[in-house]
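Engineer: One structure is given below, represented as structure tokens, and several questions about it will come after.
Please treat every number below as a calculation from the coordinates, not as lab data. For clarity, every value in this text was computed on a predicted model and none was experimentally measured. Here the Cβ positions follow ideal geometry from the backbone for every residue, glycine too, while neighbour counts run over all protein chains shown.
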Amino acid sequence: MASHKGPGAPQKHEGSSLRIAIIHARWNTRIVSSLVSATRSALLTAGVSAANIITESVPGSYELPFACQKVIAASQIQASSLANIAGSITAGMAGLGSATQDLLGGGESSSDLTKLGQEGPAPPQHAVGEKDDETAKGDKQQPSSQPFDAVIAVGVLIKGETMHFEYIADAVSHGLMRVQLDTGVPVVFGLLTVLTEEQGMARAGMIGGHNHGEDWGNAAVELGNKRRGWA
Ligand code: DLZ
């Protein structure tokens, strides 16, 4: 009998206007890396530009909620400062006479200036550091400075002999839920909580089976788009 597990029939969502962060733990690195790789591929397949996928790591899963919250906040602050700078330039230009504007070569309309401020080729800045390897790999699209549309938190918790697993799993799932509800930015739950390493490898597509990272990438694109409609 066909399995009913998973997110149902695939839906197509367009990701080319989105900016997405993948925050991953380094514990159980091989499994995490396979999951992150599938997550990234799903984002690229949906049309998200490589320049607009930011990847950042933290030591373990316990750090994921804090890092997600900080990365979201930093991107929102950066976008609003750029909008303020663009607003000041626009106001300054409006205060100059048209002759002075001509002298300065200020032919742009104020909306163009605002656009320059928001979408121009300003280098991205991120509070928790940044892997700027995406543009180096030949991606022609300029990185956007818009706030993140979604964040994907990836980690693998493997049950040990103590109660660590239970405490961390509980804290991280509550923490990630809180971050998305507090910030209004979707945080995709890419946390595997498995009993054995083999279970983790199976869910990361390393010994056959489906790589759950693909679902997480697709969920980020879907939620990133839908959130705009719900705003
Ligand atoms: C301590 C710990 C343990 C025992 N197991 C895992 C795990 O399976 N997966 C994971 O991502 N992290 C683990 N950690 C590390 C914690 O998440 C955290 O990094 C440390 O307790 C420091 O805060």
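Engineer: If you take the square roots of the eigenvalues of the alpha-carbon gyration tensor of segment 142-215 and sort them as a ≥ b ≥ c, do you get rounded (a/c under 1.5), prolate (a/b over b/c) or oblate?
Structural biologist: Judged from the Cα gyration tensor, segment 142-215 comes out oblate (a/c at least 1.5, b/c at or above a/b).
Engineer: Here is a follow-up. Shape of segment 1-63 from its Cα gyration tensor (a ≥ b ≥ c, root eigenvalues): rounded if a/c is under 1.5, otherwise prolate when a/b > b/c, or oblate?
Structural biologist: Oblate.
Engineer: A further question follows. Starting from the 7 Å offset along Cα-to-Cβ, what nm value, one decimal, do you get for the label separation of residue 66 and residue 5?
Structural biologist: Computed distance between label sites residue 66 and residue 5 equals 3.3 nm.
Engineer: Apply the Karplus curve 6.51 cos²θ - 1.76 cosθ + 1.60, θ = phi - 60°, to the phi angles in segment 215-231 and return the couplings in whole Hz, x for Gly and Pro.
Structural biologist: 4, 5, x, 5, 4, 5, 5, 4, 5, x, 6, 5, 4, 4, x, 8, 5
Engineer: Give the peptides 9-19, 172-182 in descending order of average Cβ contacts within 10 Å, highest first.
Structural biologist: 172-182, 9-19
Engineer: Mind listing the phi-derived Karplus ³J(HN,Hα) values for segment 25-33, rounded to whole Hz, using 6.51, -1.76 and 1.60 with θ = phi - 60°, and x for any glycine or proline?
Structural biologist: Result, rounded to whole Hz: 7, 9, 5, 6, 3, 4, 5, 4, 5.
Engineer: Which ³J(HN,Hα) values in Hz, rounded to whole numbers, follow from the phi angles of segment 193-200 under the Karplus curve 6.51 cos²θ - 1.76 cosθ + 1.60, where θ = phi - 60° and Gly and Pro get x?
Structural biologist: Each residue's phi maps through the Karplus curve to give 10, 10, 7, 9, 4, 4, 4, x Hz.
Engineer: Right, here's the next one. Between residue 80 and residue 210, what is the FRET efficiency for a Förster distance of 30 Å, r being their Cβ-Cβ separation, to the nearest 0.05?
Structural biologist: So, using R0 = 30 Å, E works out to roughly 0.15.
Engineer: Here's a follow-up. Order the peptides 212-224, 76-88 from the highest to the lowest mean number of other Cβ atoms within 10 Å of their residues.
Structural biologist: Result, highest mean Cβ count within 10 Å first: 212-224, 76-88.
Engineer: I've got another one for you. Full extension from residue 30 to residue 142: what is 0.36 nm times the residue separation minus their Cα-Cα distance, to one decimal in nm?
Structural biologist: 37.3 nm
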